[in-house]
Structure formats: C-alpha cells, structure tokens
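The values are calculated or read from the model by the stated rules, or taken from the named source; none is laboratory data. Since the model is a prediction, treat every value here as computed from it, not as a measurement. Because the Cβ atoms are built from the backbone with ideal geometry, glycine has one as well, and the counts that use them run over all protein chains shown. Note: areas computed on protein heavy atoms with side chains; ligands, DNA, RNA excluded. Shrake-Rupley method; radii C 1.70, N 1.55, O 1.52, S 1.80 Å.
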Amino acid sequence: AQSVTQPDIHITVSEGASLELRCNYSYGATPYLFWYVQSPGQGLQLLLKYFSGDTLVQGIKGFEAEFKRSQSSFNLRKPSVHWSDAAEYFCALSNDYKLSFGAGTTVTVRA
Amino acid sequence: GAVVSQHPSRVICKSGTSVKIECRSLDFQATTMFWYRQFPKKSLMLMATSNEGSKATYEQGVEKDKFLINHASLTLSTLTVTSAHPEDSSFYICSAKPAAYNSPLHFGNGTRLTVT
C-alpha cells in the first residue's frame, strides 16, 4: 500500500528565513512525487514534481525538492520565504494519476 | 496554461436536497477526472475516478448512490451530492488529466458545500 507522511503539522518561520518541509513516502516502485500549495479556500497549485532523473527538482516560486530514495523522502525547501508563502503544503504520491496526499503542513510566516 | 473551472465555488443547500458540482477543462480534453473531498484541517481524500463515457470508479467507503458522478464529455464531469446531509458539508475539489501522455493533473479551485 502506498502512503505519504508529512511529520510537521504546523511550521512558523520568519520572513526571509529558510524553510524546509518534510515528506516521507511508502511505495513499492519508483514513485511519482509532487508538492502542492493551497491557499485558504482555494484549489491546489503544483509547485514541482519528480518523475525520474535528477533528484534535485526545481519548482515555481523559488521552491526546490530533493528526492532521496534511501530515506524515502522528498523534502521541500525554499532559501528565503516571503509573507505570501503562508499557506498549506501537501506532498503527494501518484499511482496511475490517483494521488495520495499527506496530511499537509501549515506554514505561517511572521514579519 | 491549462485551466480547470469548478462551479459553483460555494453552495449552501438544505438537508434532503441535491446539489450538482461541475468540473470543466477549459482548454484541453480530459479523458479522466478525479474527485477529492477535503475535510477542515485535513488532507484530500480521493472519492472517485471519472472516465469519459463510462461509469465512475469509486474508492472504498464512498457511497456511489450518494455521490453521483457523470462524465458525459471530454471537458465536463459532474458530481451530484444526493439527499444532502450536514455531514456532507465539505470542500470538494476536482482534477483533470489531459489526454496527452504524461501530462500533469490540473486542479479546479474547489467547491465549498454547506448543508444546513
């Protein structure tokens, strides 16, 4: 069975500081992994995805994620957060386009 | 870029009534659409997979007679919540898979359903 775990429910970070969101997965084959961001009352926006190849993936809005097979992880990072990065972040794993989502991490940005 | 329109964005209905939510792919053909449900402060749960011209495939625990899904064309899938109950109040989000191979999914902006 596939699953996605996001260990951190809520993270608070100062504007301009770095951000790292953790994601661990369980899957029997090579995973297709995604990070999505959701603003309150809105749908999901794709930040980045990993299918194969380079394990360091660049996304939109200055985000990047690194796939580490040995750790079953796909952590999301941003070197310097902006107040507009405050949102809910979901890691997801795809099985034939059906997405299994982690529980999400709420990011709060303080001035 | 590819756009998925979900309508309505918010709907309030009374218990016992039915409400229909539409998911349209505006500039691409979607052979498959997915319907998710999101509870407050919770993650998204896949409800069903909707394939154009065939019956939807429901995930375990989702009542197919309560959540009717129709995918009548390559650009439109609808989710009808029948005999709505306050427990059905939730945020419903659709996603659409373009027909092109290996294209990413595109999500609608969701529908907030409140059943009173």
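Being under 14 Å from the mean Cα position of the chain (by Cα), in contact (Cβ under 8 Å) with a residue 24 or more places away in the chain and within 18 Å of residue A:42 (Cβ to Cβ) is the filter; apply it to region A:60-90 and report the residue that is surrounded by the fewest Cβ atoms within 10 Å (Cβ to Cβ).
We begin by selecting, within region A:60-90, every residue under 14 Å from the mean Cα position of the chain (by Cα); these are A:60-68, A:72-78, A:85-90.
Now drop any that are not in contact (Cβ under 8 Å) with a residue 24 or more places away in the chain, which leaves A:61, A:63, A:65, A:67, A:72-78, A:85, A:87-90.
Okay, now just the ones that are also within 18 Å of residue A:42 (Cβ to Cβ), so A:61, A:63, A:85, A:87-90.
Working: A:61: 13, A:63: 21, A:85: 19, A:87: 19, A:88: 19, A:89: 23, A:90: 25.
The extreme case among them is A:61.
Which ones in region B:50-67 are open to solvent by less than 40 Å² (accessible area, probe 1.4 Å) and either part of a loop (DSSP other than H, G, I, E, B) or modelled with pLDDT of 95 or more (or both)? Write out each step before concluding.
Of all residues in region B:50-67, those open to solvent by less than 40 Å² (accessible area, probe 1.4 Å) come to B:50, B:56, B:62, B:66-67.
The answer is B:56, B:62, B:66, B:67.
Return a yes/no flag: does region B:68-87 have any residue that is out of contact with any Lys or Arg (no Cβ under 6 Å at 6 or more places or on another chain), within 14 Å of chain A (Cβ to nearest Cβ) and not in a strand (DSSP E or B). No, there is no match, as no residue in region B:68-87 is out of contact with any Lys or Arg (no Cβ under 6 Å at 6 or more places or on another chain), within 14 Å of chain A (Cβ to nearest Cβ) and not in a strand (DSSP E or B). When A:5, A:30 are checked against the criterion of being open to solvent by 30 Å² or more (accessible area, probe 1.4 Å) and either in contact with a helix residue (DSSP H, G or I) (Cβ under 8 Å, 6 or more places away or on another chain) or modelled with pLDDT of 95 or more (or both), A:5 stands alone in meeting it.
Residue B:75 - would you say it is under 28 Å from residue A:88 (Cα atoms), crowded, with 16+ Cβ neighbours inside 10 Å and at pLDDT below 95? Against the criterion (under 28 Å from residue A:88 (Cα atoms), crowded, with 16+ Cβ neighbours inside 10 Å and at pLDDT below 95), residue B:75 does not qualify. Given the structure, is residue A:31 under 22 Å from residue A:103 (Cβ atoms) and not aromatic (Phe, Trp, Tyr)? In short, yes. On inspection, residue B:15 qualifies as part of a loop (DSSP other than H, G, I, E, B), open to solvent by 50 Å² or more (accessible area, probe 1.4 Å), more than 10 Å from every other protein chain (Cβ to nearest Cβ) and in contact with a helix residue (DSSP H, G or I) (Cβ under 7 Å, 6 or more places away or on another chain).
Considering each residue of region B:20-34, count those that are closer than 19 Å to residue B:66 by Cβ and either within 11 Å of chain A (Cβ to nearest Cβ) or in contact with a helix residue (DSSP H, G or I) (Cβ under 6 Å, 6 or more places away or on another chain) (or both), and give that number.
First, pick out the residues of region B:20-34 that are closer than 19 Å to residue B:66 by Cβ: B:20-23, B:33-34.
Narrowing the set further to residues that are either within 11 Å of chain A (Cβ to nearest Cβ) or in contact with a helix residue (DSSP H, G or I) (Cβ under 6 Å, 6 or more places away or on another chain) (or both) leaves B:23, B:33-34.
So the count comes out to 3.
State which residue is nearest to the other protein chains (Cβ to nearest Cβ) when the search covers only region B:95-116 and only residues that are part of a strand (DSSP E or B) and closer than 24 Å to residue B:14 by Cβ.
The first filter runs over region B:95-116 and keeps only residues part of a strand (DSSP E or B), leaving B:95-98, B:106-107, B:111-115.
Subsequent filtering for residues that are closer than 24 Å to residue B:14 by Cβ retains B:111-115.
On the way: B:111: 10, B:112: 7, B:113: 13, B:114: 13, B:115: 18 Å.
Applying the filter and picking the extreme gives B:112.
With a requirement of 1 or more residues that are among the hydrophobic types (A, V, I, L, M, F, W, C), the strands (runs of 3 or more DSSP E) lying completely within region A:1-65 that satisfy it span A:3-5, A:10-14, A:19-21, A:32-38, A:44-50, A:56-58.
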